[in-house]
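The values are calculated or read from the model by the stated rules, or taken from the named source; none is laboratory data. Computed from a predicted model, the values in this text were never measured in an experiment. Cβ coordinates were reconstructed from backbone atoms using ideal geometry, including for glycine residues, and neighbour counts include every protein chain displayed. Heavy atoms of the whole protein, side chains included, go into the accessibility calculation; ligands, DNA and RNA do not. Shrake-Rupley method; radii C 1.70, N 1.55, O 1.52, S 1.80 Å.
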There are 4 protein chains.
Amino acid sequence: MSEKQLTIPEIYAKGKENLERAGVDWVYPPGRKLGPSVKANRKYLDSLFFEPKFFDPVDVDTSFTIFGAKLRTPVFCAAITRQPYMSETSLAEIARGVADAGSLIMLGIGGSPDLQSAIDTGAPVVKVVKPYRNTELIYEKVRDAESRGCVAVGMDIDHFYGLLKGDRVEMTETFSPQRTSELKQLISQTKLPFIIKGVLSVSDAEKAVQLGASTIIVSNHGSGSFDFSVPSMVALPKIVDSVGNKLTVLVDTGFETGNDVFKGLAFGAKAVGLATPMILAWAADGSRGAELLINQVTAELRRTMGGAGCTNLSAIKRATIIKMPLIQE
Amino acid sequence: MSEKQLTIPEIYAKGKENLERAGVDWVYPPGRKLGPSVKANRKYLDSLFFEPKFFDPVDVDTSFTIFGAKLRTPVFCAAITRQPYMSETSLAEIARGVADAGSLIMLGIGGSPDLQSAIDTGAPVVKVVKPYRNTELIYEKVRDAESRGCVAVGMDIDHFYGLLKGDRVEMTETFSPQRTSELKQLISQTKLPFIIKGVLSVSDAEKAVQLGASTIIVSNHGSGSFDFSVPSMVALPKIVDSVGNKLTVLVDTGFETGNDVFKGLAFGAKAVGLATPMILAWAADGSRGAELLINQVTAELRRTMGGAGCTNLSAIKRATIIKMPLIQE
Amino acid sequence: MSEKQLTIPEIYAKGKENLERAGVDWVYPPGRKLGPSVKANRKYLDSLFFEPKFFDPVDVDTSFTIFGAKLRTPVFCAAITRQPYMSETSLAEIARGVADAGSLIMLGIGGSPDLQSAIDTGAPVVKVVKPYRNTELIYEKVRDAESRGCVAVGMDIDHFYGLLKGDRVEMTETFSPQRTSELKQLISQTKLPFIIKGVLSVSDAEKAVQLGASTIIVSNHGSGSFDFSVPSMVALPKIVDSVGNKLTVLVDTGFETGNDVFKGLAFGAKAVGLATPMILAWAADGSRGAELLINQVTAELRRTMGGAGCTNLSAIKRATIIKMPLIQE
Amino acid sequence: MSEKQLTIPEIYAKGKENLERAGVDWVYPPGRKLGPSVKANRKYLDSLFFEPKFFDPVDVDTSFTIFGAKLRTPVFCAAITRQPYMSETSLAEIARGVADAGSLIMLGIGGSPDLQSAIDTGAPVVKVVKPYRNTELIYEKVRDAESRGCVAVGMDIDHFYGLLKGDRVEMTETFSPQRTSELKQLISQTKLPFIIKGVLSVSDAEKAVQLGASTIIVSNHGSGSFDFSVPSMVALPKIVDSVGNKLTVLVDTGFETGNDVFKGLAFGAKAVGLATPMILAWAADGSRGAELLINQVTAELRRTMGGAGCTNLSAIKRATIIKMPLIQE
């Protein structure tokens, strides 16, 4: 981490400033509203501290292998979609930054050109398919992802009942609940590892195991799914205790810093996704901004791992986290 | 739920705007003061999350039968009274919206014309009688309700000691505590189901059973009864555990959204009342506003039921609710 | 309680307004600073709710006998002192209001004329003597109180180490710690009941018993003693459990309303003192203001007692109080 | 404590005013940002109350011996460094105030002239050496401290991974993690008592014992080390329970008042360091400000010790502290 580069808060501030200058006073769907789950998640993250172990110093390794891709960091770009204020090359710019940082990117709604341009950067790309009412469209999207070279494919089950944009539910005609029997067939037919995104209960996590999923993402979909779904960091430990030895558990929603990532890993996730922060980083400085953000978040993670005496990602145990004693202000 | 219609927050905002334009800077008695109990109830509601179970999707049924009326929703219009800024047709407009939404309306203080005009809309109407010092007046009101076709009649026992309008206690000369022996006689003499409204303790709930009441409403009467009576959502589970199999338990005070209703049902209520929100909805768009609010609240309830894997109202269990772990901010 | 009279909040607002009009932007020593203990006490009071028991209605009696005086209310005027903005007749005006309300008044620092003028109103008067370094002065003050007809005499032990006025400690040369042996002698020599004021620990409460005190006041002295002494409502239940059957336990600091008084009684105090509120009530309307405040606070207490099914003061049990479940906002 | 002198809050206010007048709108590195750990520590301190024991009064002794120096107070000047807005004589001015108050001062980064000028005031001076990558430089600094007459020497291990200035990590090239084997050798070679500063876990505390350290300082380095290291007051009791009988445990970070110091001592520290407050006090009135602050903080400590019945520092037990019952606001 160069000491001259923008810090994490500076990246976010510059990204916001640039977007506002361009007339965009919001960043990412679903609208301007920060939902209760994501707010609760952020507060929860900010309430967690770590116990330093400065003795004896350790060499820190943040590398991480998933879907056959060897990454330099457990910080990945969670599923993003091209926004109205983006151009046709924007997602590719983010992907290039992700590639340069040695990380991985997930893409949400969007066509083949966006997907291809991201893959062309050399970044490992995951395609997250929507739960379309039109089953054939799902298969088509999955086959497209396979053929273009995605490293994995997935579905966000928290959009079964439409997406939440601010206070408004949208896409209820286009999306639809999917039965496990249907998904099991889909998963068995693709050669790619399959991700179930939006798991927040042990029940759904266990069903993901039965479906043959390789990975789940514990996620509130930012503020884009349900206002009062249990915050991902609250749901995470129970889910890890239940299925952590049967598939890979990732987490997202509300993570912003290296310390946040440290806490997500301590609660049992194998990697942590950032979505809105990646858009802000891109708005701050294009592909270099995206790269820088992952580098800076990873640098802070590495420093905290050092301070906590953790030599690699699996050494970050839940017991490293200290919860503040509850007080009455 | 049409995606083009006003959302719940938009309905409230428009209702407030319209009232303010008409020079009304308050909405509903008791005055402008939001009491401690209703504030605590709202905070409590906002602290509760639900555990999603997206697998396997269920068909959701929100229908609900009470007092012989088959309703399409467990969201009803809690007891309201004609306000100074309302005309002689306002309550009927609200009742018409309630009827169109397939719900039920309760009316408080007011004369026979208000009652009749509501009944004429076809909505199931409940008359809640005040605990008058003049016993004959109580019998008169009950007989009037019977003869006009109310589906049930009740009494708000939390007005035994007058009503609270802001910081001022009023009607202490008009209202009076009622003995169980007196109420038992009244209840035995009416053919209508009888509701005890304002129950907040197991003690009073058990007495309601002994009185022969068919239904209780766990309620703080908004801010209109006692400043520091235990918030209804706090009192609810204990009361349901005690008498839930002996009579029907409803709840109100502070509920605003479909997620709120979901939480009230999860804590054991069979249906949830909205009062101030219904006035705001009427102020927003008359009878169509009232209908829309119930529809939108029910739509949100239905969506959350889907996300929580609840096929009907009785499937919404207390265990579906997750309380945020306490943190120190 | 007349419905036309000022409410409790209105009394306080008018008192503040009158004082500000007279150029006084503070009310009562110690200065303008609200200390941590009194703030914590107020927050604690506001977090407590009561469980209504509307069935069956009871006749409510708030009468209370102490020091041989039969009072109509357990709300008394806690020890006050003539302030710079008061005239020579001000304390007598407050005492007259207290007498008219059927209550009792305690006086702090001040000379014989203030004491005599208060006694002349017919109110039961208690003299609270400071812990003077000059022992003879203490005896002189006690004898003066005896001869003029006070119903009891006491000492505020929380001023052993001076008083706190804002951030400044004063009177450390004038006041001094008193040994139990000295106080035991003093108490044995006066025929009046003796009050130890400022008890906040079981240890000091037990010593008060050994000293032969008739009464203790669990008190933080408002903000006038120690910034971080344990709030009186927190200390109260333990002290009552320990010595409640051996002497009379009173409480003050931060109480403002009838609901507050109800909570203090529920935690085991026999009566509750108001100091700053009494000054505000006097500033609002002289002796009539003082009378009105006690009446209104007692009226709210009586109403809540009715709502909680408490027929007299000793029926207000700790179990009547419900603490809000802790939530994460 | 003279009643005419500035109070503690007045000292801080005047110091800030003077600095702002001189164009300095921040006080102390690392920058203007108050980190999460120091904020949490302050909140935690403010949530703790003490149980008064006014009977029987005790004589209070705040004297304290450490590193062979007999101090009049357990309030010391935690490690400070010459700031850009200071002159060459500023640190000596602070040291003179410390000497006059009968306390001790610790110095951080800085050259021999600063160190010598502080020692020349007669104050006991401790040199805290940075964990330089250049081992020879460490030995040089330690030898310099020995030869000039420091009473002890130490190292802040929380700077192994650079220092945090606002959101920016600095000095990562200059500082470096130190192995216990290296430190053990250093400690064995100096005749001075050795302090390990920045201990926040039992693990590191036990290693400090093995290293032969005489003293540890439980510290977050203000906001200058890690954003989310466990607050020192949270870490303190466990560490004292583990190693308190094997070496001397001190504490700092966020302490401002005599009541704060009382709480730190009650949680097991032998003395409590103030850094930023000392700079403010110097800015308020030079060496006299520094002396006054220590005197006033000590006076408040002494008064609270009196009120809590503590005759000397070791009488301040953990049980003296009462935590507010948790409430829901």
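Which distances, shortest first and in nm, link D:ASP120 to the matching position in the other copies, using label points set 7 Å out along Cα to C-beta?
With the label placed 7 Å along Cα→Cβ, D:ASP120 yields 7.1, 7.1, 10.1 nm.
Under 5 Å between amide H atoms, partner at least 5 residues away or on a different chain: which partners does B:PHE50 have, H built in plane at 1.01 Å?
Result for B:PHE50 returns A:SER229, A:VAL230, B:ILE322.
Sort the following peptides by mean Cβ neighbour count (other Cβ atoms within 10 Å, averaged over residues), highest first: D:107-113, C:64-70.
D:107-113, C:64-70
Over the Cα atoms of the range C:179-329, how large are the radius of gyration and the largest Cα-Cα distance (Dmax), in Å?
16.8, 56
Determine how large the accessible area of B:TYR85 is when every protein chain is in place; take a 1.4 Å probe and give Å² rounded to the nearest 10.
Ignoring ligands and nucleic acids, B:TYR85 comes out at about 50 Å².
For the range C:117-184 and the range C:213-264, what is the centre-to-centre distance using only Cα atoms, to the nearest Å?
Taking the Cα centre of each part, the range C:117-184 and the range C:213-264 sit 19 Å apart.
Can you sort C:LYS53, A:LYS197 by 1.4 Å-probe accessible area, starting with the largest?
Of C:LYS53, A:LYS197, the descending order of accessible area is C:LYS53, A:LYS197.
Quick one: Debye curve from the C-alpha atoms of the protein assembly as shown, no solvent, what's log10 I(q)/I(0) at q = 0.06, 0.08, 0.09 Å⁻¹?
-0.65, -1.11, -1.28
How much of A:THR276 can a 1.4 Å solvent probe reach, expressed as accessible area in Å² and rounded to 10?
Per-residue accessible area (A:THR276): approximately 50 Å².
If you average the alpha carbon positions of the range B:282-329 and of the range B:8-27, how far apart do those two centres end up, in angstrom?
22
What distance in nm lies between label points placed 7 Å from Cα along the C-beta direction at D:GLN189 and B:GLU182?
If labels sit at D:GLN189 and B:GLU182, their model points lie 9.4 nm apart.
Which whole-number percentage describes the relative contact order of chain C, with Cα contacts under 8 Å and a sequence gap of 6 or more?
About 27 percent, as a whole number.
In Å², and per residue, what accessible area does the range C:241-310 have when probed at 1.4 Å with the other protein chains present?
Working: 1650 Å² over 70 residues.
Heavy-atom accessible area per residue stands at 24 Å².
Just tell me how shielded B:300-312 is by partners: mean number of partner chain Cβ atoms within 10 Å of each residue's Cβ, no decimals.
Across the residues of B:300-312, the mean count of other-chain Cβ atoms within 10 Å is 3.
Cross-link list A:LYS70/D:LYS165; D:LYS4/D:LYS43; B:LYS238/B:LYS270; B:LYS263/C:LYS323; D:LYS33/D:LYS238: which exceed 22 angstrom alpha carbon to alpha carbon?
Beyond 22 Å between Cα atoms: A:LYS70/D:LYS165; D:LYS4/D:LYS43; D:LYS33/D:LYS238.
Based on DSSP H runs of at least 4 residues, each adding -39500 (n - 2.57), what is the mean residue ellipticity at 222 nm of chain C after dividing by all its residues, to the nearest 500 deg cm²/dmol?
-12500 deg cm²/dmol
Between chains D and A, what is the buried accessible area in Å², counting both sides, with a 1.4 Å probe and ligands, DNA and RNA left out, to the nearest 100?
In total, this chain pair buries about 3500 Å².
Are there GluC sites (Glu not before Pro) in the range D:103-199 that DSSP marks as loop and that have at most 16 other Cβ atoms within 10 Å, and which are they?
The qualifying sites are D:GLU173.
For a protection proxy built on the mean count of beta-carbon atoms within 10 angstrom, sort A:315-322, C:7-14, B:35-42 highest first, please.
Ranked by mean Cβ neighbours within 10 Å, highest first: B:35-42, C:7-14, A:315-322.
Counting DSSP beta bridges with both partners in the protein assembly as shown, what percentage is antiparallel, nearest 5?
In the protein assembly as shown, approximately 25 percent of DSSP beta bridges are antiparallel ones.
So what is the relative contact order of the range C:75-128, in percent, for Cα pairs below 8 Å that sit 6 or more residues apart?
On the way: 85 pairs, mean separation 22.7, N = 54.
Taking the mean separation of contacting Cα pairs over the length of the range C:75-128, I get 42 percent.
For the range D:31-88 and the range A:38-91, compute the distance between their C-alpha centroids and round to whole Å.
38
Going through the range C:19-113, which GluC sites (Glu not before Pro) have at most 11 other Cβ atoms within 10 Å and a DSSP loop state?
Sparse-neighbourhood loop GluC sites (Glu not before Pro): C:GLU88.
Express in nm, to one decimal, how much length is gained between B:ASP241 and B:GLU170 on full extension, taking 0.36 nm for each residue of separation and deducting their alpha carbon distance.
Extra length from B:ASP241 to B:GLU170 when fully extended: 22.1 nm.
On average, how many beta carbons from a partner chain sit within 10 Å of the beta carbon of a residue in C:258-265? Display every interim value, and only then the final one.
Values: counts 1, 5, 1, 0, 1, 1, 0, 0.
Rounded to a whole number, the mean comes out at 1.
Quick one: what does P(r) look like for the range A:260-329 with 5 Å bins over all Cα pairs, in whole %?
4, 15, 22, 18, 14, 13, 9, 3, 1, 0
How large is the Rg to Rh ratio of the range C:117-203 when both quantities use alpha carbon positions and Rh follows Kirkwood?
Here the Rg-to-Rh quotient is 0.99.
Mind pulling up the Rg/Rh value for chain A? Radius of gyration and Kirkwood radius, both on Cα.
Expressed as Rg/Rh, it is 0.94.
Where is the GNM fluctuation largest for chain B (alpha-carbon springs, 10 angstrom cutoff): B:LEU19, B:LEU274, B:LEU45?
B:LEU19
Please identify the helices of chain C, taking whole runs of DSSP H, that span at least 27 Å along their own axis as judged from the Cα atoms and have a mean Kyte-Doolittle score of -0.5 or higher.
C:276-307
For chains A and C related by rotation, which residue of A has the Cβ nearest the axis, and what is the rounded distance in Å?
Residue plus distance in Å, as requested: A:LEU326, 4.
At a threshold of 8 angstrom on Cα-Cα distance, excluding pairs fewer than six apart, so keeping six or more, what relative contact order does the range C:167-325 reach in percent? If you can, show how the numbers build up before the last one.
Details: 207 pairs, mean separation 26.5, N = 159.
Once normalised by length, the contact order is 17 percent.
Kirkwood Rh and Cα-based Rg: tell me the resulting Rg over Rh for the range C:58-145, rounded to two decimals.
1.03
Counting only other chains, what is the mean number of Cβ atoms within 10 angstrom of the Cβ of each residue in peptide A:39-52?
6
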